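Student: A single structure is presented below for examination.
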Amino acid sequence: MKSSLAFTFWVAALGCWAAAPLQADVVVADYRAGAVGAAPDPATQGWVAGLPTADGANFQSLGLSPDGASGWNAWRMLDNSSSAGQFLTWNRAFTEQEHLEAYDKGWNLRARLRAADPVAGNAGGNAVVLLYGNNSQAPAGTARRFILFLDVNAAGSLVASLAGGPTVTLAGVDAARYHVHEFEFDGASKTASYLVDGVVKATGYAGTGANFNGLQWGTGSSSGRGDGYWNEVRFSIREALSAPSLVTSPLGQTVQTGQSFTLTGAFGGVVTSYEWLKDGFAVEGGTGPSLTIPFALAGDGASYVLRASNGAGFSDSEAAVVVVAPDTVPPAVRALEVSLFASRLRLEVSEPLDETTALDPARYGVSGGVSVESVVKVNDFTYDLAVTPRPTAGATYEVSFRGLQDLAGNALAGAVASARAASGFPLMAQLVAAFSGGTAEAHALDGITWRDGSGNGNHARSPGVSNGVPLRRPSLVPAGLKGLDTVAFSRSRQQFLAIPGATATGLEGSDYTFFMVAKPTASPAAGQFPNLLRHQSDFHAANWGAYFFAGNSATGNQAALVVSARNGSGGEVPCFVSPVAFGGWMILSAQVAGSAGTSLGRQEDPAAVPRLTRQGSAAGSLRFGSAPRATYLGRSPAGDGSNDSYDGEMAEVLIYAGALDEGERAGVERYLRQRYFAAEVPQIALESLPNGDLEVRFSGQLEHSVDLQSWAPLGASSPWVVPAEARRLREYFRATAP
């Protein structure tokens with residue numbers, strides 16, 4: 001009778017554990033600190049202590065009865081040592097038969113605990129650990145460790161790291177409270193799910209490595225610090241696996257056209273995969289416990305079911321009926337841009353259009369004698385209008401619309417939209433992307449996005465979520481440099497932007513030259529590689545870019561700026577620019593010429609007198625992928641905010657298609673120098689002499705052009721006389737800062 005009462009109390013007190021169906025499990029290892037009396041020493045319950053060999057004063061292993069106001073007893077395992085290779089754990093070895101049965105039938109490892117940082121100001125270190133490993137004892141060749149590291153990050157959020165698997169920031173899980181963390185291993189798929197308080201946070205976890213036999217809990221990171229308060233730890237072998245059990249079904253709802261909606265369900269037990277069904281058919285990309293539709297259309301009105309599966313079968317949720325209200329709002333033009341590089345007008349609208357009207361060139365009229373040859377749908381909200389002749393820099397174009405309508409038949413609001421072609425940039429014909437503070441726009445969610453000032457439609461944006469962490473857009477800094485706005489990136493906030501590869505234009509080749517005005521905040525620590533720019537393709541995840549690192553023997557152990565691309569083996573072909581001044585503005589110019597197999601980098605401090613310049617170059621067999629690419633500003637594509645995100649500001653970014661020659665690169669650098677760093681505005685005056693000659697008086701560097709786009713320097717001193725017989729009908733001059 002006493003045993004029955006105790007069991008009844010356990011189910012009631014640990015209600016979130018009762019979400020999984022009770023099966024005929026065999027408990028192999030168990031520790032319970034309880035909620036009354038004193039927390040028992042784990043050594044009295046069959047656990048063997050793993051003790052540190054050094055710095056013992058910074059480790060504690062003791063019982064708390066109770067742990068503060070939590071109501072739970074706990075066994076505290078504190079690692080506040082900065083010494084590497086030190087561990088404080090409780091261990092339990094398994095027999096070969098136990099390993100065999102666990103591998104064949106499946107197993108559950110669960111622990112009730114809370115994790116904390118050991119000292120104020122410590123950003124964590126993933127030291128709180130829960131681990132099971134079979135060390136290849138049984139069956140042969142199946143060595144795996146399933147490891148959960150817990151940490152409280154600098155923002156106060158609880159972070160779960162599955163070694164060899166994903167890292168999950170547990171949004172909404174109060175780090176100050178006790179939670180139940182579980183591994184559910186499926187004997188059929190041989191993978192585990194990770195759950196917190198009965199809610200699945202990760203599936204398909206296959207473990208990692210070998211070298212441990214049995215169960216371990218406490219602090220087990222070789223370099224991190226952590227403080228774990230353990231109330232219960234239990235490992236059980238499943239006698240019979242059952243299909244997942246439904247806990248919560250998604251709720252039906254009524255939404256407006258264009259509104260975002262999310263459906264969420266929950267299951268208990270082992271879940272190895274999720275699938276969303278819409279009117280009985282699989283939803284593309286619907287493989288998690290939640291499904292989000294960012295822009296509801298009439299076709300999204302349906303019956304949705306969440307299916308959870310494991311090796312024993314599957315279970316379905318109750319159907320959630322979503323009703324999309326009739327669309328009575330007409331579509332509108334959000335943006336119209338002129339692309340010089342692609343001879344195209346890019347149209348952005350507020351909602352998807354009926355394609356029979358949207359893709360008909362005859363429904364568009366363009367001013368200035370320009371005709372629309374064809375229309376291509378880029379995505380549901382973006383259409384490209386191929387035009388002839390090629391747009392002229394600085395010209396304004398009006399586009400009229402005839403009979404465009406949305407999917408509900410509502411006519412496009414507004415008969416005319418206008419846009420001005422970009423101008424004023426050096427080498428306009430080769431420019432494929434241009435961003436500055438003047439092209440920054442506030443975003444509805446957070447921070448800003450960059451509109452492409454080159455007119456080529458390569459709009460930078462934040463791509464959403466990585467490893468469960470929202471990726472934020474950068475912030476605007478008003479008058480950040482010489483009265484001009486700049487854009488600020490923060491590593492701790494995971495701020496960066498991306499040019500989507502599928503919709504970008506001009507970023508498909510293998511020869512590029514890019515320029516950047518940037519101010520890195522601080523020299524990176526060892527193991528950190530803050531990215532200024534990283535261009536991704538299908539080859540080794542990265543093609544070319546520029547990043548900082550702490551330095552090595554090749555850089556004289558000084559912090560360096562690296563420009564690099566990839567070779568045929570996936571290795572780097574880097575050129576170092578070292579040392580790099582941090583905390584001040586710089587001009588970076590870099591070039592990757594895939595056709596020639598060369599890369600070069602140049603960095604200057606234009607505020608210094610005389611200017612400080614550092615440069616480097618490299619050669620090798622460069623390799624470029626063929627898949628649609630994306631270009632990332634402020635971090636790398638699959639980045640880890642702790643080591644590859646940029647801290648600092650950017651004032652302007654220019655990317656050119658092609659490998660520019662030395663004179664062209666110098667011209668763009670002069671443009672940036674004059675725009676952001678010139679101490680005085682160069683002066684120029686033209687006067688016609690009585691004999692017909694033209695006299696040009698100027699300060700700084702004199703340049704000339706015949707088309708206002710391609711400027712060439714003139715090696716002349718003021719005044720410069722152009723003989724009348726040498727003058728063409730149209731010739732332009734300008735003065736730039738040296």
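Computed from the coordinates by the stated procedures, all read-outs in this text should not be read as laboratory data. Here the structure is a predicted model, which is why all the values come from computation and not from measurement. We place every Cβ from the backbone using ideal geometry, glycine too, and count neighbours over all the protein chains shown.
Student: So for each of 276-283, 577-584 I average, over its residues, the number of other beta carbons within 10 Å; can you give me the resulting order with the highest mean first?
Tutor: Those peptides, ordered most packed to least, come out 577-584, 276-283.
Student: Please give me the summed charge of the neighbours of VAL338: other residues whose Cβ is under 14 Å from its Cβ, Lys and Arg +1, Asp and Glu -1.
Tutor: 0
Student: Given the DSSP H assignment, sum -39500 (n - 2.57) over each helix run of at least 4 residues in the chain and divide by its residue total; what's the result at 222 nm in deg cm²/dmol, nearest 500?
Tutor: Working: 4 runs with 42 residues, N = 738.
Result for the chain, helices only: -1500 deg cm²/dmol.
Student: If you fit an axis through the alpha-carbon atoms of helix 96-105 and take the longest principal axis of the Cα set of the chain, what angle between them do you get, 0 to 90°, nearest 10?
Tutor: 60
Student: Of the peptides 555-561, 543-549, how do they stack up when ordered by the mean number of other Cβ atoms within 10 Å, highest first?
Tutor: Per-residue mean Cβ counts within 10 Å order the peptides as 543-549, 555-561.
Student: Here's a follow-up. Find the centroid of the Cα atoms in the stretch 367-421 and in the stretch 338-354, then give the distance between the two in whole Å.
Tutor: 6
Student: Order these by the 10 Å Cβ neighbour count, fewest first: THR503, THR95.
Tutor: Ascending number of Cβ neighbours within 10 Å: THR95, THR503.
Student: Please state the relative contact order of the chain as a whole percent: Cα pairs under 8 Å, 6+ residues apart?
Tutor: With pairs under 8 Å counted, the relative contact order is 8 percent.
Student: Let me ask something else about it. With contacts defined as alpha carbon pairs under 8 Å and 6 or more residues apart, what's the relative contact order of the stretch 464-676 in percent?
Tutor: 30
Student: Residue separation times 0.36 nm, minus the C-alpha to C-alpha distance between ALA69 and ASP446: what's the value? Could the numbers behind the result be given before it?
Tutor: Working: separation 377, 0.36 × 377 = 135.72 nm, distance 3.74 nm.
Net length gain for the segment: 132.0 nm.
Student: In the chain, how many lysine pairs have Cα atoms under 30 Å apart, counting only pairs 8 or more places apart or on different chains?
Tutor: Lysine pairs meeting the criterion: 7.
Student: Next question. About its Cα centre, how strong a charge dipole does the chain have in debye, to the nearest 20, once Lys and Arg get +1 and Asp and Glu get -1 at the Cβ?
Tutor: In debye, rounded to 20, the chain gives about 880.
Student: What does the charge add up to near ALA296, with Lys and Arg as +1, Asp and Glu as -1, over the other residues with Cβ less than 15 Å from its Cβ?
Tutor: Once positives and negatives cancel, what remains is -4.
Student: Shifting gears a bit: How much length, in nm to one decimal, is gained on full extension between LEU714 and THR328, taken as 0.36 nm per residue of separation minus their Cα-Cα distance?
Tutor: So the chain would gain 132.8 nm between LEU714 and THR328.
Student: Taking the alpha-carbon centroid of each part, what is the distance from the stretch 508-531 to the stretch 194-252 in angstrom?
Tutor: One Cα centre to the other: 39 Å.
Student: Compute the distribution of all C-alpha to C-alpha distances in the stretch 22-237, in bins of 5 Å from 0, and list the percent of pairs in each, rounded to whole numbers.
Tutor: Going out from 0 Å in 5 Å bins, the stretch 22-237 shows 1, 7, 16, 20, 21, 18, 11, 5, 1, 0 percent.
Student: Once the dipole of the chain is set up with Lys and Arg at +1 and Asp and Glu at -1 on Cβ about the Cα centre, which of THR53, PHE149, ALA419 lies farthest towards its positive end?
Tutor: Looking along the dipole axis, the top candidate is THR53.
Student: While we're looking at this one, here's another question. Based only on Cα atoms, what Rg/Rh ratio does the stretch 361-494 have, Rh being taken as Kirkwood's radius?
Tutor: 1.03
Student: Projecting each Cα onto the charge dipole of the stretch 341-439 (Lys/Arg +1, Asp/Glu -1 at the beta carbon, about the Cα centre), which of GLN405, GLY365, ALA429 comes out farthest on the positive side?
Tutor: After comparing all options, I get ALA429.
Student: A further question follows. Order these by the 10 Å Cβ neighbour count, fewest first: TYR646, TYR31.
Tutor: Sorted ascending by nearby Cβ count, the order is TYR31, TYR646.
Student: Pop out the Kirkwood hydrodynamic radius of the stretch 471-564 from its pairwise C-alpha distances, inverse of mean 1/r, in Å to one decimal.
Tutor: 15.4
Student: Continuing with this model, one more query. What number, in nm² with one decimal, is the all-direction average of the projected area of the convex hull of the alpha-carbon atoms of the chain?
Tutor: For the chain, the mean projected area of the Cα convex hull comes to 39.1 nm².
Student: LYS482 to ALA619: FRET efficiency via 1/(1 + (r/R0)^6), r the Cβ-Cβ distance, R0 51 Å, to the nearest 0.05? Each step should come with its number before you reach the end.
Tutor: Details: r = 37 Å, r/R0 = 0.72.
Result of the calculation: an efficiency of 0.90.
Student: Here's another thing I want to ask about it. Compute the signed sum of charges (Lys and Arg +1, Asp and Glu -1) over the other residues within less than 10 Å, Cβ to Cβ, of ASN58.
Tutor: -1
Student: Within 10 Å of each residue's Cβ, count the other Cβ atoms and sort MET77, MET586 from fewest upward.
Tutor: Details: MET77 26, MET586 22.
Lowest count first: MET586, MET77.
Student: Put +1 on the Cβ of every Lys and Arg and -1 on every Asp and Glu Cβ in the chain; which of VAL653, GLY584, GLN97 then has its Cα farthest towards the positive end of the dipole?
Tutor: In the chain, that residue is GLY584.
Student: Quick one: grab the alpha carbon gyration tensor of the stretch 135-206, order the square roots of its eigenvalues as a ≥ b ≥ c, and give me rounded if a/c is under 1.5, else prolate or oblate depending on whether a/b is larger than b/c.
Tutor: Since a/c reaches 1.5 and a/b is larger than b/c, the shape of the stretch 135-206 is classed as prolate.
Student: Using the C-alpha gyration tensor of the stretch 333-423, what are the square roots of 5 times its eigenvalues, in whole angstrom, with the largest one first?
Tutor: Details: eigenvalues 91, 29, 28 Å².
In descending order the semi-axes read 21, 12, 12 Å.
Student: Grab the alpha carbons of the stretch 464-676, take their convex hull, and tell me the volume per residue in Å³.
Tutor: 121
Student: Between SER699 and ALA35, 0.36 nm times their residue separation minus their Cα-Cα distance comes to what?
Tutor: Computed gain between SER699 and ALA35 is 230.7 nm.
Student: Another one. Compute the distance in nm between two label points, each set 7 Å from the Cα along the Cα-to-Cβ direction, one at ASP354 and one at VAL721.
Tutor: 7.1
Student: Sticking with this one: Using Cα pairs closer than 8 Å and at least 6 residues apart in sequence, work out the relative contact order for the stretch 333-423, in percent. List each step's numbers first, then the result.
Tutor: Details: 204 pairs, mean separation 30.6, N = 91.
RCO, the stretch 333-423: 34 percent.
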